[in-house]
Amino acid sequence: MESKKSSNFARSYYVRVCFFVIFLSQITAKQTNKNISNLKFMAENKLNIAADFAPTSAQEWKDKIIADLKGADFDKKLVWRTPEGFNVQPFYRLEDLDGLQTTASAPGQFPYVRGTKHDNDWYVRQNIVVEDAKAANAKALDVLNKGVNSLGFVVTKSQLNAEFVATLLEGIYAEVIELNFITCPGATPILAGLLAEYFTSKNLDVTKLHGSISSDPIDKMLMVGKNFDREAVTTRLMKAMEAKKLLPGYRTIAVHSENLCNAGAYCAQELAYALAWGAEYMTMLTEAGVDACEAAKAIKFNMGVQGNYFMEIAKFRAARMLWAQIAKAFGACDEACKMVVNATTSTFNMTIFDAYVNLLRSQTEAMSAAISGVDSIVVTPFDVTYKDSDEFSERIARNQQLLLAEESHFSKVIDPAAGSYYLENLTSMIADEAWKRFLAIVEDGGFHAQVLAGKVQEDIDATLAKRWKDVSQRKETLLGTNQFPNFTEKTDGKIVKAAAPVAAACGCQEELGCRTITVHRAAEQFEELRLNTEAAAKAPKAFMLTIGNLAMRLARSQFSCNFFSCAGYEVVDNNGFKTVEEGVDAALAAGADIVVLCSSDDEYAEYAPAAYKYLAGRAIFVVAGAPACMEDLKAAGIENYIHVRVNVLDELKKYSAQLIK
C-alpha cells in the first residue's frame, strides 16, 4: 500500500514539474520576443544615451559643488596648488583637452608623448655593485634566471682589464638582454674597448647588442665634487662618442637626474634639470662637430620616480615630448629624438621604521613608471635605508615588476593614460612648468654653468628644506613616520648602515672643489628623534587624561597618541575619568612624564585650570587642541598645546630636550 502511494505521488510530482516547465518556456518565449522587439526599437530609433540627457556645463557642475560646500571657498577648499607651481582643478571635462599638444600623436610617433615604441614592454633591471667579478657574475646569472633581463654593473676604473670583463660576463648572453655599466667618465673608452673585444671573441654582432655605459661628467661634479670646466666635460663626452663607435647599439653618455630626485627635487624641478642637462651635452657635442642625430642617440636618461602617482606618470610623458622637441631643435632626425629612460624608484620617501611600507611606496612608483612607458625600471629594495639589500628584499623588488608585467598585464597596454582629461592636463601643465624652468636655466648660461656656480645645488637644498618643513608640519605625510606610527616598534639593532646611492669610485685625480648635493630622506629628522628616544635609559611616557564629551575626548586622545608616538614615546590611552583629580592621580601612578588633557573646547575652560593646578608641576601638562579660551588658559600658566597647526617635529624636540638626558 505504501509503495502504491509513493508511485502515485511520483507521477503527480512529475506531471506538475512538466506543466511548470511548459509554463516557464512560454514565459521565456514571450520575454525573448519582447527583448527582440526592444532591440529592433533601439536599432530603428538609434538609441543614444547621451542624447537622452541634457548636457551639463562646467559652470553648472561648479555651481553644484559650490552649493554643496555650504559657503566654503571653492579655490581654497578644492583647487590643489602643487609644489611644482601650478593649480590642479577638482574636475576636468572633454573641453579641457582642446588645444593640448599631448593628444596630437600616436604611440611611436613624434613627439613621442605616448611612447617611443609600439608596445609597452620594459626591461626589468637590477643593479649589482661589483667588488669581486666572479661573485658578481654568479649573482647576475642567478637573477637572470629569476626574471631580470637588464643588468646594471657598478665598476671602478681600477678593476678594468680583459680578465675582469671575461669573468664578469661569463655565461651571460649579451645578445638577449640589456647590459649597463656605471663607471667613471674617464673609464668609458677603456671599458668600451674591453667589451667590444670580448663580444667579438664570442662571435657576437656588436651592432645588435643593447646597453649603456654611463659617462656623466656633470653627475661627478654634483655628487663627488669634481671641478670640471667646460673643456674638461666636452673632452670626456667626445671620448664617450668614440667609445660608441665600438658599440653602436650602446648609449655611452648618461644623465642621472635620479640623484636630484633622491635629494628631494620635485617632479617638474627634476624634469627641467634633466632636460637642461641633456641639452647641455647636446650643445657641447654639436659645437665640437658631432652630428646631432649621433649625439642624441648616445644619450640615456636615468630619472627617479617618487610617490606622487599621477604626477610621475605625467612627468615621463612630458619628458619624452619636450626632449623630442629639444633634440629636433638641434637638427636631430625623428628616430634620434626618442628619449630612452631608465626609471629608479626613489629613496627619498623610504623609512627605517615601518620599513615594509616602503614596499607600498616603491610599488606605486613602479606602476607610475610602467604606465608612463619608460624603457627600463629599477625597483629599490625596501630595506636599503638601514642595510645592504639581501636576497629576500632583492627578490621582492624584482617580483614587484614581474607582477605588473606578467599578472597585471601592464606591458600589454600602450599609454593607458591617454585620453584621461586629468592626466592629459597634468602632462601639459608639468610640461609648461618644466619648460619655463628649462628656458630660465638656458638663459642663465646653461646647466653646466649653473652647476659650477652652485646654483643647482642651492636650489635643490632649498627644496629639501621646504620638504622637511612640510613633513614636520604633516603637510607631506609619511605613513609610519609623521603619521600613524607603530607605537611599539623598536629597531633592535637592525640598522647596519645607511645605504649610499649607486655610484662608482672614480679613481681619477682631478681636483675637487665643486659644491655637491647630498642625498637625503624625508623621514631623517623624525627618525633621529625616535632613535634618540630608543637610546635613552627611559622612554618618556605620555598619559591621556580623557574626560568629558565622549566623541571629542576619543578623537583627541587618538590624535595625541599618534603625535607623541612619532618620537617613540610610550603612550597610555584611557576610556575616561570622572574627575580631573582621578585622571591626574592615575597618570602619576603610571609614572607619566606628560599628562595630555583630552576633552572638548567648551569643557577646557573648566577642566584645564583644575587639572593644571592639581598636577602642580609633577609632570608636563599639555592640552590637546586649540580652544577659543586658549589665551585665558595661557594667562593661568598653561603653555603647551598640540593640534593640527603646530610643527610636530619642533614640538616633539621641545619635549625631548626636557625629558631625555
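The values are calculated or read from the model by the stated rules, or taken from the named source; none is laboratory data. Treat the numbers as computed from the prediction; the structure is a model and nothing was measured. A quick note on method: Cβ atoms are made from the backbone with ideal geometry, for glycine too, and the neighbour counts reach across all protein chains shown. Accessible surface areas use protein heavy atoms only, side chains included; no ligands, DNA or RNA. Shrake-Rupley method; radii C 1.70, N 1.55, O 1.52, S 1.80 Å.
Quick rundown of the values:
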quantity	calculated
Under 18 Å from the Leu512 label point (7 Å along Cα→beta-carbon), backbone N, region 225-246	225-229
Placed amide H near Arg251: partners under 5 Å, 5+ positions off or other chain	Gly211, Ser212, Ile213
Violating pairs (Cα-Cα greater than 24 angstrom) within the set Lys64/Lys315; Lys541/Lys661; Lys328/Lys436	Lys64/Lys315
Simple label model, 7 Å out from Cα along Cβ direction - Lys494 to Asp96, nm	4.0 nm
Cα convex hull of region 290-403 - mean projected area over all directions, nm²	7.9 nm²
Whole-Hz couplings from phi, Karplus 6.51/-1.76/1.60, listed for region 530-541; x for Gly and Pro	5, 5, 5, 4, 5, 7, 5, 5, 9, 6, x, 10
Alpha carbon centroid spacing (whole Å) that separates region 144-179 from region 386-414	21 Å
Amide H within-cut-off set for Asn127, under 5 Å, with H built and near neighbours excluded	Gly152
The chain - share of DSSP beta bridges that are antiparallel (%, nearest 5)	5 percent
Relative contact order [Cα under 8 Å, 6+ residues apart], the chain, whole percent	13 percent
Whole-number percent relative contact order across region 257-411, with pairs defined as alpha carbons under 8 Å at least 6 apart	23 percent
Region 319-324 - phi-based ³J(HN,Hα) in whole Hz, Karplus 6.51/-1.76/1.60, Gly and Pro as x	4, 4, 5, 6, 5, 4
Rounded to the nearest 10 Å², the accessible area of Thr167 at probe 1.4 Å	50 Å²
Per-pair calculated FRET efficiency, R0 = 25 Å: Val644 and Arg81 via Cβ, rounded to 0.05	0.85
Taking all pairs of distinct alpha-carbon atoms in region 166-303, Kirkwood radius in angstrom	15.5 Å
Residues with amide H under 5 Å from that of Ile547, placed H, sequence gap 5 or more	Phe577, Cys598
Rough spin-label spacing in nm, given labels placed 7 Å along Cα→Cβ, for Ala535 and Ser411	4.6 nm
q = 0.12, 0.16 Å⁻¹, region 504-618: log10 I(q)/I(0) [Debye, one scatterer per Cα]	-0.53, -0.79
Within-9-Å neighbourhood charge of Asn149 [Cβ basis; K, R +1; D, E -1]	0
Length released on extending from Asp601 to Ala135, taking residue separation times 0.36 nm less the Cα-Cα span	161.3 nm
³J(HN,Hα) computed for each position of region 638-654 - Karplus, 6.51 cos²θ - 1.76 cosθ + 1.60, integer Hz, glycine/proline x	7, 10, 9, 9, 10, 7, 5, 9, 7, 7, 4, 4, 4, 5, 5, 4, 4
Nearest-10 value in Å² for the accessible area of Glu95, using the 1.4 Å probe	80 Å²
Approximate spin-label separation Asp354-Ala610, in nm, with each point projected 7 Å along Cα-to-Cβ	3.6 nm
Efficiency of FRET from Cβ geometry, Ala635 and Glu287, R₀ 56 Å, rounded to 0.05	0.20
Charge tally in the Cβ shell below 13 Å around Thr427, where Lys, Arg are +1 and Asp, Glu are -1, Thr427 excluded	-3
Exposure rank, largest accessible area first [Val496, Val374, Val340; 1.4 Å]	Val496, Val340, Val374
Net charge contributed by nearby residues that have their C-beta within less than 15 Å of Arg93 (K/R +1, D/E -1)	-4
Potential lengthening between Gln483 and Asp73 on full extension [0.36 nm per residue; Cα-Cα distance subtracted]	144.9 nm
Restricting region 549-579 to trypsin sites (Lys or Arg not before Pro) in coil, as DSSP defines it, with at most 16 other Cβ within 10 Å	Lys578
Cross-link reach list, lysines versus Lys134, counting only Cα pairs under 21 Å and skipping chain neighbours closer than eight places	Lys146, Lys157, Lys202
